[in-house]
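First the structure, in the form of structure tokens, and then the observations on it.
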Amino acid sequence: MSRKRRKERVFDVEARIDWMEIYRTLPIGGVRQAFPDTASCQRRLADVRWPSGVTCPSCGDRNIGLIESRSLYQCRQCRTQFSVTAGTTMHRSRLDLRTWFIAASDVITAYAKGLEEENLTGHGLAHRYEISYVAAHRLKTALVKDLRQPGNLLRACICTEELPVSREPNLAPEDWYAVLWAAK
Ligand SMILES: [Zn+2]
């Protein structure tokens, strides 16, 4: 094996482990069950974005009302109206927020298990989420890039669990991956 190939292989294992660690913090019963509708996703996103209470993106005030009929917040101080996704990747997306949650979980699962080539084809995703091929491809590219960032907002929303096992020092990467795979 050439030095270059060996380097790529090491990177692959580490990347796979990264995804598997993220996968093991997904809700036990799955994202679809944990977030059964759009409203539950909006509540979760609001809790993660604003742990100390909804905050106006314009003036920073926390005296905020909710216009329920339009799923919008309104600042009582400066009157700015904003949605829970304002200023995030999910803003002005044609995709429902719950579809973002589910797609993120699907991407994490596929990469954790090494099934991305089978399970994440552009046509497959387009069909599954009822979106265009171009939108599906764009969605996948964005998710693959963003979800591995520890501070990613979408990742923080759907990864509700603690990692169920901890890594022993000196454990070989392949063995750690096997432990993660078997963990419940
Ligand atoms: Zn304001």
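The values are calculated or read from the model by the stated rules, or taken from the named source; none is laboratory data. These numbers come from a predicted model, not from an experiment. So basically every Cβ, Gly included, is an ideal-geometry build from the backbone, and we count neighbours across all protein chains shown.
Where helices (runs of 4 or more DSSP H) fall wholly inside segment 107-159, the ranges with 3 or more residues that are under 21 Å from Thr38 (Cα atoms) are 122-129, 133-146, 153-158. So which of Thr99, Thr80 ends up being among the polar types (S, T, N, Q), in contact with a Ser or Thr (Cβ under 6 Å, 6 or more places away or on another chain) and either free of Cβ contacts under 8 Å to residues at least 40 places away in the same chain or closer than 16 Å to Cys159 by Cβ (or both)? None of the others qualify; the one that does is Thr80.
Set side by side, the residues Val13, Val48 differ, and just one is at pLDDT 95 or above, among the hydrophobic types (A, V, I, L, M, F, W, C) and in contact with a helix residue (DSSP H, G or I) (Cβ under 6 Å, 6 or more places away or on another chain), which is Val48.
One residue stands out in segment 29-85 among those that are more than 30 Å from Lys184 (Cα to Cα) and in a helix (DSSP H, G or I): the one that is nearest to the ligand (Cβ to nearest atom), namely Arg70. Whenever a residue of segment 45-66 is free of Cβ contacts under 8 Å to residues at least 24 places away in the same chain and under 27 Å from Ile102 (Cβ atoms), it has no partner that is surrounded by fewer than 17 Cβ atoms within 10 Å (Cβ to Cβ) and among the aromatic types (Phe, Trp, Tyr) lying with C-beta atoms less than 7 angstrom away and at least six residues away or across chains.
Residues that are surrounded by fewer than 20 Cβ atoms within 10 Å (Cβ to Cβ) and not in a loop (DSSP other than H, G, I, E, B) within segment 86-98 comprise just one, Arg98. Does Cys78 satisfy the criteria of being loosely packed, with under 15 Cβ neighbours inside 10 Å and more than 30 Å from Trp176 (Cα to Cα)? So Cys78 passes the test. Just to be sure I understand, how many residues within segment 133-156 are β-branched (Val, Ile, Thr) and farther than 10 Å from Leu120 by Cβ? Within segment 133-156, residues that are β-branched (Val, Ile, Thr) and farther than 10 Å from Leu120 by Cβ number 2.
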